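J.: Please find one structure pasted underneath; my questions will follow.
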Ligand code: FES
């Protein structure tokens, strides 16, 4: 099992927006959902057209569950599960364990 990697401090990430970090040569989109102060990490690559853009996506919620919509063609994904929420046959996102301790943000990326 991989170790936790520090990717920044909480104030390095704007609320209700994404931020991109690189761990083990993978681009990861990190989101701080301010509504209930929860944090999520998913692959930065949108599976629709393989663009590294999800960290610049638009956050929202679907019946209380946080989601992100890709800034290019608006396909939406659940940030909790990675599930693709829009129409069309598009892969779900890989999600990564994330935790915050003492205002430091950590990811676990295999
Ligand atoms: S590249 Fe993300 S929806 Fe098209």
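Every number here is computed from the coordinates shown, using simple stated rules; none is lab data. A quick note: this is a predicted structure, and the numbers were derived from the prediction, not measured. FYI the Cβ positions are ideal-geometry reconstructions off the backbone, even for glycines, and counts take in every protein chain you see.
J.: For the stretch 5-15, does any single residue satisfy the condition of being under 16 Å from residue 108 (Cβ atoms) and within 16 Å of the ligand (Cβ to nearest atom)?
T.: No, every residue in the stretch 5-15 fails to be under 16 Å from residue 108 (Cβ atoms) and within 16 Å of the ligand (Cβ to nearest atom).
J.: Suppose we filter the stretch 35-59 for residues that are away from the ligand (no atom under 15 Å from the Cβ) and touching a strand residue (DSSP E or B) at 6+ places or on another chain (Cβ under 6 Å); how many remain?
T.: The number of residues fulfilling the criteria is 3.
J.: Kindly indicate whether residue 31 is touching a residue at least 24 places away in the same chain (Cβ under 8 Å), part of a strand (DSSP E or B), in contact with a helix residue (DSSP H, G or I) (Cβ under 9 Å, 6 or more places away or on another chain) and surrounded by 13 or more Cβ atoms within 10 Å (Cβ to Cβ).
T.: Criteria met by residue 31.
J.: Right, another one. Which members of the stretch 50-88 meet the condition of being within 15 Å of residue 40 (Cβ to Cβ) and without any contact (Cβ under 8 Å) to a residue 24 or more places away in the chain?
T.: 58, 60, 62, 64, 65, 67, 69, 76, 78, 81, 83, 85
J.: Going by the structure shown, is residue 71 under 13 Å from the mean Cα position of the chain (by Cα), within 18 Å of residue 17 (Cα to Cα) and surrounded by 15 or more Cβ atoms within 10 Å (Cβ to Cβ)?
T.: No: the conditions fail for residue 71.
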